[in-house]
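See structure below.
What follows draws every value from the coordinates through simple rules; no lab data is involved. What you are looking at is a predicted structure, and each value in this text was computed from that prediction instead of being measured. Don't worry about glycine lacking a Cβ; one is built from the backbone with ideal geometry, like all the others, and counts go over all protein chains shown.
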Amino acid sequence: MDSGEPSPPADVTPLRQVPGLAELVVLAAGCSFGDGVLRVFTEDEARRAQGLANLMFPEWAPRLRPFAQDWLGRLYALDLHRGALLLLLEPGSGGVFELDGTIPDLFDQIVDDPDTFLALDLFTPWRAAHPEPLPTGTCVGFKTPLFLGGDGTVENLEVIDEEVYWSVHGQLWAQVKDLPPGTPISGVEIS
């Protein structure tokens with residue numbers, strides 16, 4: 001564990017139906033791991049993350065229960081309308097991805113394949129160039145989103161306020177998500 005004191009929710013009873021969630025929040029809520037590569041949310045952080053997700057993916061708003069975030073600002077969440085299916089919400093790619101298994105399965109997969117689940121192959125060189133801890137409320141985001149042709153490289157990363165990142169990417173995503181693949185974009189305007 002890198003930092004934080006576990007801060008479980010006051011009442012975990014409603015969470016007991018989701019395999020592994022109650023245990024995760026009781027043991028790790030408010031803690032970050034792997035030099036900041038992953039953070040498990042407190043109740044307040046989960047509510048804040050819900051608001052961020054709503055900015056970019058409003059169609060998912062009533063269904064989500066975020067429980068963790070990685071260094072790229074990606075949210076790990078439950079789809080409460082589909083039996084607590086695990087989801088990964090990516091502001092950089094504009095994607096919402098279904099993940100197989102339960103929360104314990106996810107953490108096993110993270111340990112077995114951190115490059116796929118945490119982009120550790122990108123985190124390692126980024127962290128070498130930026131050894132300072134990330135300030136609270138920030139993430140490492142793509143300067144040019146992947147959905148606008150940005151590269152998944154260290155050179156395309158910057159430390160950015162999470163709310164700004166999710167809001168700006170949400171506005172951009174709303175403008176391009178329904179365009180056919182390969183549609184040229186002549187300019188970007190953020191209001």
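Taking a point 7 angstrom from the Cα of E23 along the C-beta vector, which residues in the stretch 100-142 have backbone N less than 13 Å away?
Residues passing the 13 Å test: 102-108.
Quick one: check the C-alpha center-to-center distance for the stretch 100-177 versus the stretch 36-63, whole angstrom.
Distance between centres, Cα-based: 15 Å.
Among T102, W60, G36, which residue has its Cα furthest toward the positive end of the charge dipole of the chain, with +1 on Lys/Arg Cβ and -1 on Asp/Glu Cβ?
Farthest along the dipole direction, towards plus: W60.
Using R₀ = 45 Å, calculate the FRET efficiency as 1/(1 + (r/R₀)^6) where r is the Cβ-Cβ separation of E59 and A129; round to 0.05.
0.80
Kindly put S167, S32, S186 in sequence by how many other C-beta atoms sit within 10 Å of each C-beta, fewest to most.
S186, S167, S32
To the nearest 20 Debye, how big is the dipole of the chain about its Cα centre, given +1 on the beta carbon of each Lys and Arg and -1 on that of each Asp and Glu?
500 debye
Go ahead and run the numbers for FRET between T102 and E155, Cβ-Cβ distance against an R0 of 25 Å, rounding to 0.05.
0.10
Out of every Cα-Cα pair in the chain, what percent are more than 29 Å apart?
Everything past 29 Å amounts to 20 percent.
Divide by every residue of the chain the summed helix terms, -39500 (n - 2.57) for each DSSP H run of at least 4, and state the resulting mean residue ellipticity at 222 nm, rounded to the nearest 500 deg cm²/dmol.
Mean residue ellipticity at 222 nm (helix-derived): -9500 deg cm²/dmol.
For the Cα atoms of the chain, what angle does the longest principal axis make with the long axis of helix 43-56, in degrees from 0 to 90, nearest 10?
It is inclined by approximately 30 degrees.
With Cβ to Cβ distances under 12 Å as the rule, what net charge do the other residues near R63 carry (K, R +1; D, E -1)?
Net of charged neighbours comes to 0.
Suppose R0 equals 45 Å. What FRET efficiency, 1/(1 + (r/R0)^6) with r the Cβ-Cβ distance, do L85 and S186 give to the nearest 0.05?
0.75
Please report the relative contact order for the chain, taking Cα pairs under 8 Å with a sequence separation of at least 6, and give it as a percent rounded to a whole number.
16 percent.
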